[in-house]
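The values are calculated or read from the model by the stated rules, or taken from the named source; none is laboratory data. Keep in mind the model is a prediction, meaning the values are calculated, not measured. All Cβ positions, glycine included, derive from the backbone under ideal geometry; neighbour counts span all protein chains shown. Side chains included, ligands, DNA and RNA excluded: accessible areas come from the protein's heavy atoms. Shrake-Rupley method; radii C 1.70, N 1.55, O 1.52, S 1.80 Å.
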Amino acid sequence: MRLPPTLVDGVLLERENRFRARVQTAAGEVLAFVPNPGRTLELLYPGARVLLAPVATGGQRRTAYDLTLAYTADGLLVSIDTRLANPLFAEAVAAGHLAPFLGYGVTRPEVTFGASRLDVRLDGAGCPPLLVEVKSSTLVEDGVARWPDAPSLRGQRHIRELAGALRQGYRAAIVWLVQRPDATAMTPHRVIDPAFADALAEVTAAGVEAYAFRCAVTREWVEVAGEIGMFLNYPSACGRGPAGYDVRQRPTGRS
């Protein structure tokens with residue numbers, strides 16, 4: 001996915017609230033929309049280097065920029081825009097880059113199911129219809145991506161709806177796109193949201209599939225780069241890889 005060609009370098013002065021930040025640029029101080037409701041404390045702190053995308057103002061739009069990319073403390077570029085997750089997933093499915101979804105194509109985004117609106121429905125010849133919930137992750141600790149970075153009742157509701165879809169003959173999956181290249185594994189953030197971690201273990205035991213993919217990120221584009229391990233139980237990061245723990249890796253569900 002191509003990014004706007006006119007990104008503006010800046011330094012974050014303050015995240016005023018969940019969706020607005022003050023940023024210092026070469027042209028002066030500006031306000032930017034933050035397209036990520038998560039805490040992102042490890043990325044969006046005063047002094048962080050960020051990249052802004054100019055946008056048209058008007059109507060209810062009060063900021064002239066979107067805060068699109070941020071650098072980690074050691075200079076790694078991260079895409080923080082959660083809005084990119086669904087189109088990145090659709091693009092990768094269409095290109096045949098996601099092995100668990102080969103033979104499928106995106107037929108409908110934002111599908112109402114039960115009491116929720118799930119992200120996408122996939123269909124393929126001779127395949128059961130597939131409902132997918134797509135999550136964006138930017139938090140990585142010692143190579144392990146974690147989600148959420150704040151409690152998510154909505155996330156729990158969505159994955160339980162996926163379990164309900166299974167009972168009606170659908171295939172169902174939850175997919176994490178880690179919008180940075182340094183993740184080697186993915187796990188629910190049990191310390192932040194133990195209820196979500198428990199719900200995920202429950203629904204995957206019932207047959208909901210769980211996958212995670214890291215992304216390549218540059219100033220020009222973001223794209224899905226490869227699948228990473230999905231672990232349902234993983235302790236807080238302490239410098240050891242998955243082989244150092246007694247973890248349960250969810251089967252991929254592939255034939």
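No other residue among THR57, THR82 is closer than 30 Å to VAL30 by Cβ, of a type in the set (Ser, Thr, Tyr), touching a residue at least 40 places away in the same chain (Cβ under 8 Å) and open to solvent by 10 Å² or more (accessible area, probe 1.4 Å) apart from THR82.
Conditions (1) more than 25 Å from ASP193 (Cα to Cα); (2) within 24 Å of the chain's Cα centre (by Cα), marked per residue:
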| residue | (1), (2) |
| --- | --- |
| VAL8 | yes, yes |
| LEU13 | yes, no |
| ARG18 | no, yes |
| ALA26 | yes, no |
| PHE33 | yes, yes |
| GLU42 | no, yes |
| VAL50 | yes, yes |
| ALA53 | yes, yes |
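The criterion of being free of Cβ contacts under 8 Å to residues at least 60 places away in the same chain and surrounded by fewer than 13 Cβ atoms within 10 Å (Cβ to Cβ) holds for ARG62. Among the candidates GLY38, GLY47, which residue alone is open to solvent by 10 Å² or more (accessible area, probe 1.4 Å) and at positive phi? On inspection, the qualifying residue turns out to be GLY47. Among the residues making up segment 12-23, those that are surrounded by 15 or more Cβ atoms within 10 Å (Cβ to Cβ) and in contact (Cβ under 8 Å) with a residue 12 or more places away in the chain are LEU12, LEU13, ARG15, ARG20, ALA21, VAL23. Segment 98-137 holds strands (runs of 3 or more DSSP E) entirely within its bounds, and those carrying 1 or more residues that are out of contact with any helix residue (DSSP H, G or I) (no Cβ under 8 Å at 6 or more places or on another chain), surrounded by 15 or more Cβ atoms within 10 Å (Cβ to Cβ) and of a type in the set (D, E, K, R) map to 116-123.
Being of a type outside the set (Asp, Glu), surrounded by 19 or more Cβ atoms within 10 Å (Cβ to Cβ) and under 16 Å from LEU98 (Cβ atoms): is that true of ALA212 here? Yes: the conditions hold for ALA212. Checking GLY229, GLY164 one by one, the residue that is assigned to a strand (DSSP E or B) and among the small types (Gly, Ala, Ser) is GLY229 and no other. A count restricted to segment 163-196 and to residues that are under 25 Å from ARG39 (Cβ atoms), of a type outside the set (Val, Ile, Thr) and surrounded by 21 or more Cβ atoms within 10 Å (Cβ to Cβ) stands at 11. Tallying residues that are part of a helix (DSSP H, G or I) and either of a type in the set (Ser, Thr, Tyr) or over 14 Å from ARG146 (Cα atoms) (or both) within segment 181-216 yields 8.
So, in segment 25-35, how many residues would count as being open to solvent by 50 Å² or more (accessible area, probe 1.4 Å) and outside any strand (DSSP E or B)?
So the first thing to find is which residues in segment 25-35 are open to solvent by 50 Å² or more (accessible area, probe 1.4 Å), and the list is 26-27, 29, 31, 33.
Now restrict to residues that are outside any strand (DSSP E or B): 26-27.
Qualifying residue count, segment 25-35: 2.
The number of residues in segment 139-157 being open to solvent by less than 10 Å² (accessible area, probe 1.4 Å) and assigned to a loop (DSSP other than H, G, I, E, B) comes to 1.
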